[in-house]
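Q: I have a structure I would like to understand better, so I am pasting it below and will then ask my questions one at a time.
The values are calculated or read from the model by the stated rules, or taken from the named source; none is laboratory data. Since the structure is predicted, the reported quantities are computational estimates derived from the model, not experimental observations. Neighbour counts are summed over all protein chains in view; Cβ atoms, including those assigned to glycine, are modelled from backbone coordinates with ideal geometry. To get the accessible areas, we keep the full protein, side chains included, count just its heavy atoms, and leave off ligands, DNA and RNA. Shrake-Rupley method; radii C 1.70, N 1.55, O 1.52, S 1.80 Å.
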Amino acid sequence: MTINRYIDHTLLKPEATKAQVQQLIDEAKAYHFASVCINPTWVAMAHEALKDTDVNVCTVIGFDLGATTSAAKAFEAKEAVANGADEVDMVLNVGRFLSGEEDAVRDDIKAVVDASGDAIVKVILETCLLTSEQIRRACELAEEAGADFVKTSTGFNRGGATVEDVKLMKASVTHLKVKASGGIRDLKTALAMIEAGADRLGCSAGVAIVKEGQAE
């Protein structure tokens, strides 16, 4: 297994500097990761640096709370794609979802899907805040809205990805892919997520994980 192609090499800390983002980009090129996942302010820089490589540019929308308006999320997504993003990871409006406003949640996702054109759209569910039944229903809404992936977590809340949640998400969709993110810091955990059904891994420890695999 070439685990590097599962990895979205991630740096989303608000204090991340330009030099740190450049290091992330350089590592992604060296290890041929699936993408770099960075905040929107760095998208144009990453696009320029990665345009002749096999590494996509991924960014986050409505991050990290998901509670901005649909119009704001759509604008953010459209601008990100214009700046060179190949993939956008949007945060579900969890508060609306937990209020039972499924139409609003579906429309919120669809607004980002429509604004993103051909870019891949991943919907971050923040699974640590949801029950199993809520995770299942959120996956269905993401699929109905035309997203490409469902994703476990932002990594900024009280919990990250679990094998159980990844299995549930995989079983809850018919054609969407699953991204596991949050707390994946070693090869054993990464492989467990893939075995559970993850098609992509959001990791800040991507280099260490690949090196661990190479050492075996």
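Q: Pairing rule first: another cysteine's C-beta must sit under 4.7 Å. Under that rule, which cysteines of the chain stay single?
A: Within the chain, the cysteines lacking a partner Cβ under 4.7 Å are 128, 139, 203.
Q: Continuing with this model, one more query. Using only the Cα atoms of the chain, build the gyration tensor, take square roots of its eigenvalues as a ≥ b ≥ c, and label the shape rounded, prolate or oblate: rounded if a/c is under 1.5, else prolate if a/b is larger than b/c, else oblate. Mind showing how you got there, number by number?
A: Numbers: a/c = 1.83, a/b = 1.20, b/c = 1.52.
Since a/c reaches 1.5 but b/c is at least a/b, the shape of the chain is classed as oblate.
Q: Give a residue-ordered list of calculated ³J(HN,Hα) values for segment 19-33 (Karplus: 6.51 cos²θ - 1.76 cosθ + 1.60, θ = phi - 60°; whole Hz; x for Gly, Pro).
A: Taking θ as phi minus 60°, the curve returns 5, 5, 5, 4, 4, 4, 4, 4, 5, 4, 5, 5, 9, 6, 5 Hz for segment 19-33.
Q: Which value, in Å², gives the accessible area per residue of segment 70-157 when a 1.4 Å probe is used on the protein heavy atoms?
A: Values: 3380 Å² over 88 residues.
That works out to 38 Å² per residue.
Q: Then there's this: Tell me, what HN-Hα J-couplings in whole Hz come from the Karplus equation 6.51 cos²θ - 1.76 cosθ + 1.60 at θ = phi - 60° for each residue of segment 165-177, using x for Gly and Pro?
A: 5, 5, 4, 5, 5, 4, 6, 8, 10, 9, 9, 6, 8
Q: Moving to a separate point now. Calculate the spin-label point distance for residue 167 paired with residue 32, positioning each point 7 Å from the Cα along the beta-carbon direction, and give it in nanometres.
A: 3.3
Q: Also, quick follow-up: For residue 59, list long-range residues whose amide hydrogen, built 1.01 Å from N in the peptide plane, is under 5 Å from its own amide hydrogen.
A: Those lying under 5 Å, H to H, from residue 59 are 38, 87, 88, 89.
Q: Using only the heavy atoms of the protein chains and a 1.4 Å probe, how would 124, 194 rank by accessible area, largest first?
A: Details: 124 0, 194 20 Å².
Largest accessible area first, the list is 194, 124.
Q: Suppose every K and R has +1 on its Cβ and every D and E has -1 on its Cβ; what is the size of the dipole of the chain about the Cα centre, in Debye to the nearest 20?
A: I would put it at about 380 debye.
Q: Take the chain, connect every pair of alpha-carbon atoms lying under 10 Å apart with a spring to form a Gaussian network, then pick out the residue of 151, 167, 51 with the largest mean-square fluctuation.
A: 51
Q: Pulled fully out, how much extra length does the chain show between residue 15 and residue 195, if you take 0.36 nm times their separation in residues and subtract their Cα-Cα distance?
A: On the way: separation 180, 0.36 × 180 = 64.80 nm, distance 3.35 nm.
Stretched out fully, the residue 15 to residue 195 stretch lengthens by 61.5 nm.
Q: Using only alpha carbon positions, build the gyration tensor of segment 154-211, then give the equivalent ellipsoid semi-axes as the square roots of 5 times its eigenvalues, largest first, whole angstrom. List each step's numbers first, then the result.
A: Numbers: eigenvalues 72, 33, 17 Å².
The answer is 19, 13, 9 Å, longest axis first.
Q: Collect residues whose amide H, placed 1.01 Å from N in the peptide plane, falls under 5 Å from the amide H of residue 202; neighbours closer than 5 in sequence don't count.
A: 8, 180, 181, 182
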